[in-house]
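Structure first, then comments.
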Amino acid sequence: MPYHKPIKFLLVDDLEANLVALEALFMREGLELLKARSGREALELLLVHEVALAFIDVQMPEMSGFELAEIMRSTERTRGTPIIFLTAGTVSRQWRIRGTEAGAIDFLPKPVDPAMLLNKARVFFDLALQRQELQESERKLKVANEKLALADRSKDEFLAMLAHELRNPLAPLLAGADLLLASPGNVQTGENIGRMMKRQVGQMARLIDDLLDVSRITNGKIELQKQAVLLSGIFEQAVESVQPQINRMGHHLEVHHSETSLGVSADPYRLTQVVSNLLSNAAKYTPPGGRIRLTAVKSADGKVAISIKDNGRGIRPEDQRSIFNLFDQGSCATEGGLGIGLTLVKWLVEMHGGVVSVRSEGEGRGSEFTIELPAIEIEPPAVPELVVETGSQEKLRILIADDGESTADILGMFFQMEGMETLVVYDGEKAVKEAESFCPDIACLDLGMPFVDGFAAAREVRKICPDAYIVALSGWGSEADRLKTAAAGFDEHLVKPVSPEDLRSLLTRVTEAK
């Protein structure tokens, strides 16, 4: 068996002949013998060597074996070193007491019985070897854990950075698609292109959101905003998000819930994400013209069971056991996607205090996903009186600064289409300079601009225009990111790609506040 380093025994005796005899007796592979003829020499060796066992003569000049042992016991490095005393004299009761107090594990009389000495030495040699092998295993395990931790951090950093980098080009695509649809005089071809662009951007945005959610959940950065929500509202929003996909596949969708007041305590956005994800999977893995059924039933134990059932391709028994694992797609790996949707469903449901399960009788037999959550009763909201507002929105002055020129230009075009007075610049320094004469009502500032970033630009714009509504534009949208921009004095934090609906809501809020 190979050794990483030799195991060392210390032999201490003032007579050279005794040391030579012991050395000859202990000779074996993997063992190194350190010899000292005095307590002082022994201490010098112990300063630089790790010793598995020390054989010490009791009666030595200058420093006795007992004194040496006491010094060893008082030192952290050598406190645990086993000691066997060798003595030519009679081992009295007092000696045994003193030796035990000094840390000795045994006394052996001279002349030493070779068989007894070797047996004791072999025990400590084997113990030292096992300890060495254990330390090596622990070292390898530590290295492996560090590599895994590094790989895990690298994965999360990669996903977050990938999502961040992909968000920037999505902004002009999304706003540009909206302009194509909204501009008067567009030919039918232009409208078709605009719809195609918007559909593709929506799919990419959902993929990016899934990637970010994996990173947020694994790092504990998702915080649920729970409230009492009606399942009817959750179902309505989830169905609305997947209806185009269901229509394209020609599926028949049935939605049933037993009570109009049936609700749960949940984050409405996240629960809608869960239901729409399962509906989207059902539509994706069901052949055209299939049947999908979404139901909610309150059970006798005070829980609500949300079921998404289809008559699609089904799931093999071996795949059902791992279908919620991250990146696991089972037999559906050829369908595309990253295999993270069902993992997100499981994590989000469990964060709500619920459980999700799957049942399928096998391939070609359909599948059913069931979510169980604690149920609550909610009074349906009263229908508000319809108020029709007339008149056009107030014309606002809007300053846009983003070093991504396409993003800045398309935002400027959008606000112009909405009837606003718009000024577009491509760096923070220019934004500060133009604010002095333009005096914007709204300043939309990208955070990552070079030279003068969005944070510095916001501080200067605030000094120049104290009443300006300053908006942070960023590809980062975690709670920590929002807290950072709020602390820096931003009035709002919008995550790229910013949808036209969000921009119109921004205009409405600022107009109503003026």
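The values are calculated or read from the model by the stated rules, or taken from the named source; none is laboratory data. Note that this is a predicted model, so its numbers are computed, not measured. Cβ atoms come from the backbone with ideal geometry, glycine included; neighbour counts cover every protein chain shown.
Quick rundown of the values:
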{"item": "Hits in region 288-341 (condition: closer than 19 Å to VAL356 by Cα, outside any loop (DSSP other than H, G, I, E, B) and either hydrophobic (A, V, I, L, M, F, W, C) or modelled with pLDDT under 75 (or both))", "result": "ILE292, LEU294, ALA296, VAL297, VAL304, ALA305, ILE306, ILE308, GLN320, GLY330, GLY341"}
{"item": "Close pairs (9 angstrom Cβ cut-off, 6 or more residues apart or separate chains): outside any helix (DSSP H, G or I) in region 91-113, surrounded by fewer than 12 Cβ atoms within 10 Å (Cβ to Cβ) and modelled with pLDDT under 75 anywhere", "result": "PRO109/GLY89; PRO109/THR90; LYS110/GLY89"}
{"item": "Matching entry among GLU492, GLU479 (being crowded, with 17+ Cβ neighbours inside 10 Å and at negative phi)", "result": "GLU492"}
{"item": "Any hit, region 56-69, residues being closer than 28 Å to LEU134 by Cβ and in contact (Cβ under 8 Å) with a residue 60 or more places away in the chain", "result": "no"}
{"item": "Residues located in region 228-238, provided they are closer than 19 Å to VAL349 by Cβ, surrounded by fewer than 18 Cβ atoms within 10 Å (Cβ to Cβ) and out of contact with any Ser or Thr (no Cβ under 7 Å at 6 or more places or on another chain)", "result": "GLY233"}
{"item": "Members of region 400-456 that are at pLDDT below 90, in contact with a Ser or Thr (Cβ under 7 Å, 6 or more places away or on another chain) and within 25 Å of LYS484 (Cβ to Cβ)", "result": "none"}
{"item": "Residues located in region 16-38, provided they are under 20 Å from GLU50 (Cβ atoms) and among the charged types (D, E, K, R)", "result": "GLU23, ARG28, GLU29, GLU32, LYS35"}
{"item": "Condition met for VAL123 (outside any helix (DSSP H, G or I) and either small (Gly, Ala, Ser) or within 17 Å of LEU10 (Cβ to Cβ) (or both))", "result": "no"}
{"item": "Subset of region 77-104 [at pLDDT 80 or above and either surrounded by fewer than 17 Cβ atoms within 10 Å (Cβ to Cβ) or not β-branched (Val, Ile, Thr) (or both)]", "result": "ARG77, ARG79, GLY80, PRO82, PHE85, LEU86"}
{"item": "Long-range neighbours under 7 Å by Cβ, at least six apart or interchain, first residue farther than 15 Å from LEU278 by Cβ and assigned by TED's automatic domain parsing to the domain that holds GLY290 within region 239-252, second surrounded by fewer than 18 Cβ atoms within 10 Å (Cβ to Cβ) and modelled with pLDDT of 90 or more", "result": "MET249/PRO288; GLY250/PRO288; GLY250/GLY289; HIS252/ARG291"}
{"item": "Options ALA36, ALA128: the member that is surrounded by 16 or more Cβ atoms within 10 Å (Cβ to Cβ) and in contact (Cβ under 8 Å) with a residue 40 or more places away in the chain", "result": "ALA128"}
{"item": "Counted residues, region 74-90 - those being of a type in the set (Val, Ile, Thr) and assigned to a loop (DSSP other than H, G, I, E, B)", "result": "4"}
{"item": "Qualifying residue in region 247-270 (condition: touching a Phe, Trp or Tyr at 6+ places or on another chain (Cβ under 9 Å), surrounded by 13 or more Cβ atoms within 10 Å (Cβ to Cβ) and not in a strand (DSSP E or B))", "result": "no"}
{"item": "Test: residue in region 59-70 that is surrounded by fewer than 17 Cβ atoms within 10 Å (Cβ to Cβ) and closer than 20 Å to LYS120 by Cβ", "result": "no"}
{"item": "Any hit, region 444-466, residues being free of Cβ contacts under 8 Å to residues at least 12 places away in the same chain, over 36 Å from the mean Cα position of the chain (by Cα) and part of a loop (DSSP other than H, G, I, E, B)", "result": "yes"}
